[in-house]
Amino acid sequence: MELATDPKPDFLAVYRTHAEHVVRTARAFGVPASEIDDVVQEIFVVVHRRLADFEGRSSMKTWVTGIVHRVASRHRDRIRAAAARHDSSADADEFPTTDEDASKALERKEAAATFLRLVEQIEDSRRDVFVLAELEGFSAQEIAAALDVNVNTVYSRLRLARDDFEAALGRERAKRGTR
Amino acid sequence: MTDELREDATAIVRAARDALTPTSAELTAHEARVLAAIRGIPGDAGAPTHAESLVTSATNTALAKKVWLALAFMAVGGGGYLFGASGRTDGRRESVPRTSSTVTRAEPDVQRVPAEATEAVAPAQDSVSAPAAQNMPARGGVSFARSSSSRSASTFAVAPPQPIEAPQVAAAESRLAQEVALVRLARSSLQSGAPNVALLHLDAHVRDFSDGVLAHESTLLRVRALCALGRADEARTLAPNDAEGAAVLSQACTTP
């Protein structure tokens, strides 16, 4: 069959090239910290499974991102369904103990939490475009390939998502101001 | 892109990018988990080099035996699978210490396993590595047990033989491993020219893993199988409406 003769891309090389992007993107797509281990594992099991099918039609980066998107979206849906059943915070992160690093870690955590809180207010299909464009620096063409939508759709979603993000930021500031 | 984010919004994105970027320790832990998961799954067409270099795993569980038996009977994929099988079924073969990072980095103690699987193998599990697996986002049981905390990834190379079967057994029994095994059987059947058998496996996959992580791959395989059986219309109806679906259709439904 056609797969047998192709040289296989080395899985570990793929992992090491893309892991950072995968973890960050999965989080930004809405996978909580408490589940990121499992989700990253799932994503790379799929990547590993399908590596032989990778045909170079797209770049490895957009191909992997497509897988991240599919797996993360499923988790996002599942989490929301669970949250609808009982209202508990899905992401009860433990705070670091009284290390020297504690305040730095807290800062990091707050930066991440703020961003996640804001993108959470953007409708999913726009949010995903926003994450890839703004957080990951993807071009519109790359986003189109990864999410399997056309480039004009990418542009319009991104424009709307930016408005949404800024509006959410405005609301957040207003809320803090009144406190 | 025409518009741009306002400066304050950009600052938040930038800070978030730093904050959401995993540390190298976290990446190494993820890598160990990922490799352990893959190792827990019998030799895979996706990365034959790993399947071979990671032959040290001991998947001597009932499930793994079933999977191997099925594989042996089907004689799929030629020597690769059978080689893997013979290397594994004897269970306790240990790794020779070697400098290959692929093996030593993959110490699977940090792997997450489903509760039921953990219970099943609890007696065999190392009392040190078990809690480590739960709580430590570090490199896992091996470095933990040897209380060496600050080696860089590249020097984390030579490890003595370790009795590491428990987590792998757990991995083999995980739902993910079962799903992967099933889809792999389907793919192997297809590759060895038995699309009708592949369809049976895919039916089982749909039945047991309707929300499975490999649902998309399963559908693509089904499209291939239908094409191979000359059922092009069904294949076209079923093919995902995306680039991959189109690629599979054009490839599998036109070539004889």
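The values are calculated or read from the model by the stated rules, or taken from the named source; none is laboratory data. From a predicted model like this one, the values you see are computed outputs, not experimental measurements. Using ideal geometry, Cβ is built from the backbone for each residue, glycine included, and neighbour counts are taken over all protein chains shown.
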Item checked: Options A:Arg57, A:Arg70, A:Arg49; residue that is under 27 Å from A:Lys109 (Cα atoms) and either modelled with pLDDT under 95 or not hydrophobic (A, V, I, L, M, F, W, C) (or both) -> A:Arg70
Next item on the list: Among what's in region A:22-49 and is under 10 Å from the mean Cα position of the chain (by Cα) and at the interface with another protein chain (Cβ under 7 Å from one of its Cβ atoms), pick the residue that is farthest from B:His30 (Cα to Cα).
Entry: A:Ala28
Check: For region B:13-32, which residues satisfy the criterion of being touching a residue at least 40 places away in the same chain (Cβ under 8 Å) and either under 19 Å from A:Leu116 (Cα atoms) or more than 7 Å from chain A (Cβ to nearest Cβ) (or both)?
Finding: B:Ser24, B:Ala25, B:Glu26, B:Thr28, B:Ala29, B:Ala32
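Here is a yes/no grid of residues against (1) more than 8 Å from chain B (Cβ to nearest Cβ); (2) modelled with pLDDT of 95 or more:
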residue	(1), (2)
A:Ala113	yes, no
A:Ala133	no, yes
A:Ala140	no, yes
A:Ala144	yes, yes
A:Leu147	yes, yes
A:Thr153	yes, yes
A:Leu158	no, yes
A:Ala161	yes, yes
A:Arg171	yes, no
Notebook entry, point to check: Is one or more of the residues making up region B:206-219 away from every other protein chain (no Cβ under 11 Å) and of a type in the set (Asp, Glu)?
Noted result: yes
Notebook entry, point to check: For A:Ala90, which of the numbered conditions (1) at pLDDT 95 or above; (2) away from chain B (no Cβ under 13 Å); (3) outside any helix (DSSP H, G or I) fails to hold?
Noted result: (1)
